[in-house]
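Input: a single structure, listed below in structure tokens.
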Amino acid sequence: MTALKLANVNKSFGEVQVLQDINLEVEEGEFVVFVGPSGCGKSTLLRVIAGLEDATSGEVTIDEQVVNQTPPSKRGIAMVFQTYALYPHLNVRGNMSLALKQDRQPKSVIEERVATASRMLNLEPYIDRYPSELSGGQRQRVAIGRAIVREPKLFLFDEPLSNLDAALRMNTRIEIANLHRQLGTSMIYVTHDQTEAMTLADRIVVLRHGRVEQIGSPMELYNNPTNQFVAGFLGSPSMNFFPAGLVHAGDDRTIGVRPENLYLADDGVLDAEVSHVEQLGADTNVVAQVDDHQITARLVGQHFIEEGQSLRFGFEPKSAYHFDRDGLRIR
């Protein structure tokens, strides 16, 4: 069953077109991540789905019902924002139960749903605390719990982890993944962080300038990008690009090689001068200049390389990607 369908969705603010011909189907229970650089339209698209913005044209269908004229509160969705938006005068129980009270749900239903959400999110020890007494991660879990108790048809997450530090982001990411497995409800998740996209999604929607560049599973996009933008956006460090002429004289294509596919070799085809070294313990990132082009090599293990050192890098031809002048992949 299709949980969400977008058909030729466009959105303009005056003469500025923010979304252009967006077509997407999200199946029941699927976790879909919208990813792209700032200003690509991903948050605007989420707001159109939620009903917080009206589509200029096209149809938004949720649970087989066209909802273009349906207000947000009637769409069967629950949204978790970047900001926690908790009521400071209400404790955890009060924040999670407020929407149910406003819907005039029976007390027994409210208590049961709040208890279930608290248990799923490990919030039971904090149920009587106020937002000011909680950490950032705990506050975000309360915001997620507030969405869970509504038992929506569709969860919408708008960069929910961006206010958390690195350790909390990882922990909360795992909690969201576990939550999806437990609930089995469709989720749409917006982020600019490709690591979140790769680790959470069943499918990723890559957006640029309001258009869909590619849709696919994380490994499909990583291994088979359709163009140079997608190839460079997914992966950390990002894919290296340099003129094919550096390797094959007269070739006007662009070659792309992922950092982990570069290796040190005395007979390597890329003569490089090291400009920066990142010692990560298990890996070493080496940033170097090849003519006027910067490349990054991700070497396994610890390598004691100095800035200014001359190195040669090689790569297997089968690991290279080729792109034409328009950035489209040549297969």
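The values are calculated or read from the model by the stated rules, or taken from the named source; none is laboratory data. Being a predicted model, the structure only gives us computed values, none of them experimental. Using ideal geometry, Cβ is built from the backbone for each residue, glycine included, and neighbour counts are taken over all protein chains shown. For the accessible areas, the whole protein counts, side chains as well, though only heavy atoms, and no ligand, DNA or RNA atoms are used. Shrake-Rupley method; radii C 1.70, N 1.55, O 1.52, S 1.80 Å.
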The number of residues in the range 276-293 that are under 22 Å from residue 243 (Cα atoms), out of contact with any Pro (no Cβ under 8 Å at 6 or more places or on another chain) and surrounded by 15 or more Cβ atoms within 10 Å (Cβ to Cβ) is 4
May I ask you to list pairs of residues, at least six apart or on different chains, whose Cβ atoms are under 8 Å apart, with the first in the range 134-145 being closer than 14 Å to residue 162 by Cα and the second being of a type in the set (Ser, Thr, Tyr) and open to solvent by less than 20 Å² (accessible area, probe 1.4 Å)? 137/172; 140/172; 141/172
For the range 65-75, check the following and say yes or no: at least one residue is of a type outside the set (Lys, Arg) and within 24 Å of residue 141 (Cβ to Cβ). yes
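Wholly within the range 145-240, which helices (runs of 4 or more DSSP H) include no fewer than the required count, namely at least 3 residues that are of a type in the set (Val, Ile, Thr)?
By residue number, 166-183.
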List the residue pairs whose Cβ atoms are under 7 Å apart, where the first residue sits in the range 283-311 and is in contact (Cβ under 8 Å) with a residue 40 or more places away in the chain, the second is part of a strand (DSSP E or B) and open to solvent by 40 Å² or more (accessible area, probe 1.4 Å), and the two are 6 or more positions apart or on different chains. 285/278; 285/298; 290/271; 311/264
The range 2-25, residues that are touching a residue at least 24 places away in the same chain (Cβ under 8 Å) and on the phi > 0 side of the Ramachandran plot: 8, 21
With the structure loaded, tell me whether residue 92 is open to solvent by 60 Å² or more (accessible area, probe 1.4 Å) and aliphatic (A, V, I, L, M) or whether it fails that test. no
Taking the residues in the range 154-197 that are of a type in the set (D, E, K, R) and over 18 Å from residue 123 (Cα atoms) as candidates, determine which candidate is most open to solvent (accessible area, probe 1.4 Å). 181
Which residue is nearest to the chain's Cα centre (by Cα), if the candidates are limited to the range 223-275 and must be open to solvent by 50 Å² or more (accessible area, probe 1.4 Å) and of a type in the set (Asp, Glu)? 260
